[in-house]
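Peer 1: Pasting in a structure now, in structure tokens, and then I'll have a few things to ask.
The values are calculated or read from the model by the stated rules, or taken from the named source; none is laboratory data. This structure is a prediction, so every number in the text was calculated from the model and none was measured. Here the Cβ is made from the backbone with ideal geometry for all residues, glycine too, and neighbour counts use every protein chain on show. Only protein heavy atoms, including side chains, enter the accessible area calculation; ligands, DNA and RNA are left aside. Shrake-Rupley method; radii C 1.70, N 1.55, O 1.52, S 1.80 Å.
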Amino acid sequence: MRRALELAAAAPATGDVPVGAVVVDAAGEIIAEGVNVRERDGDPTGHAEIGALRGAAAHVGDWRLPGCTLVVTLEPCTMCAGATVLSRVDRLVFGTYDEKAGAAGSLWDVVRDRRLNHRPEVIGGVLADEAAALLDAFFSAQRRA
């Protein structure tokens, strides 16, 4: 999570929401990283989780990521929660909860929906205060601007 927080802290320089993500393999090694790039790239799918999952798939040479953990600073949205399920990661770890759009327990619970064929373990609230502080500072600055 510390590395994901470092990545998130760099995002505001591009005008993007400070969210960072990493994918860790079964040995505990970071195999991919991602940051929000929606503003920078003009890409509605440019979320940190998507970038990290794409990078991990390229690293292992397969879209299936068993044994891997997705670590992200903010609870995933529905798109990212769906991608998490589809990638077959074993675990999702996230920082702060997203009461407005979270899809890992807050607003929806896509990742644990019993109707889907894969349900990763979910651990939320890891370094939540630090992740929330980055978001609060970013949106405060946006409101002032």
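Peer 1: For the chain, take the longest principal axis of its alpha carbons; what is the angle in degrees between that and the long axis of helix 48-60, to the nearest 10 within 0 to 90?
Peer 2: It is inclined by approximately 40 degrees.
Peer 1: What list of ³J(HN,Hα) couplings, whole Hz, do you get for the range 114-131 from phi and the Karplus terms 6.51, -1.76, 1.60, once you set θ to phi - 60° and write x for glycine and proline?
Peer 2: Computed from phi, the couplings for the range 114-131 are 5, 7, 8, 7, 8, 9, x, 5, 10, 10, x, x, 7, 6, 4, 5, 5, 5 Hz.
Peer 1: Could you sort S140, S87 by accessible area so the largest value comes first, with the probe set to 1.4 Å?
Peer 2: S140, S87
Peer 1: Ok, one more. More than 17 angstrom separation, counting every C-alpha pair in the range 95-145; what % is that?
Peer 2: Summing the P(r) of the range 95-145 above 17 Å gives 48 percent of all pairs.
Peer 1: Looking at the range 20-117, which trypsin sites (Lys or Arg not before Pro) are in a loop (DSSP not H, G, I, E or B) and have at most 11 other Cβ atoms within 10 Å?
Peer 2: Counting only loop positions with at most 11 other Cβ atoms within 10 Å, the trypsin sites (Lys or Arg not before Pro) in the range 20-117 are K100, R114, R115.
Peer 1: How much FRET efficiency would the formula 1/(1 + (r/R0)^6) give for R88 and E6, where r is the Cβ-Cβ distance and R0 is 35 Å, rounded to 0.05?
Peer 2: Computed FRET efficiency for R88 and E6: 0.85.
Peer 1: Read phi for every residue in the range 62-72 and hand back ³J(HN,Hα) as whole Hz from Karplus 6.51 cos²θ - 1.76 cosθ + 1.60, θ = phi - 60°, with x for Gly and Pro.
Peer 2: Karplus-based 3J(HN,Hα) across the range 62-72 equals 7, 6, 7, 10, x, x, 9, 10, 9, 10, 9 Hz.
Peer 1: What's the longest piece of the chain with no exposed GluC sites (Glu not before Pro), counting a site as exposed if DSSP puts it in a loop and it has at most 16 other beta carbons within 10 Å?
Peer 2: Result for the longest clean stretch: 30-98.
Peer 1: Given H placed on each backbone N at 1.01 Å, which residues far from I31 in sequence or on other chains put an amide H within less than 5 Å of it?
Peer 2: V23, V24, D25
Peer 1: With the cut-off at 28 Å, report for the range 5-145 the share of all Cα pairs above it, as a whole percent.
Peer 2: In whole percent, the share of Cα-Cα pairs in the range 5-145 beyond 28 Å is 12.
Peer 1: Grab the beta carbon distance between E29 and R143, set R0 = 35 Å, and tell me the FRET efficiency rounded to 0.05.
Peer 2: Efficiency at R0 = 35 Å is approximately 0.35.
Peer 1: Suppose every Lys and Arg Cβ carries +1 and every Asp and Glu Cβ carries -1, with no other charges. What dipole size does the chain come out with about its Cα centre, to the nearest 20 debye?
Peer 2: 280
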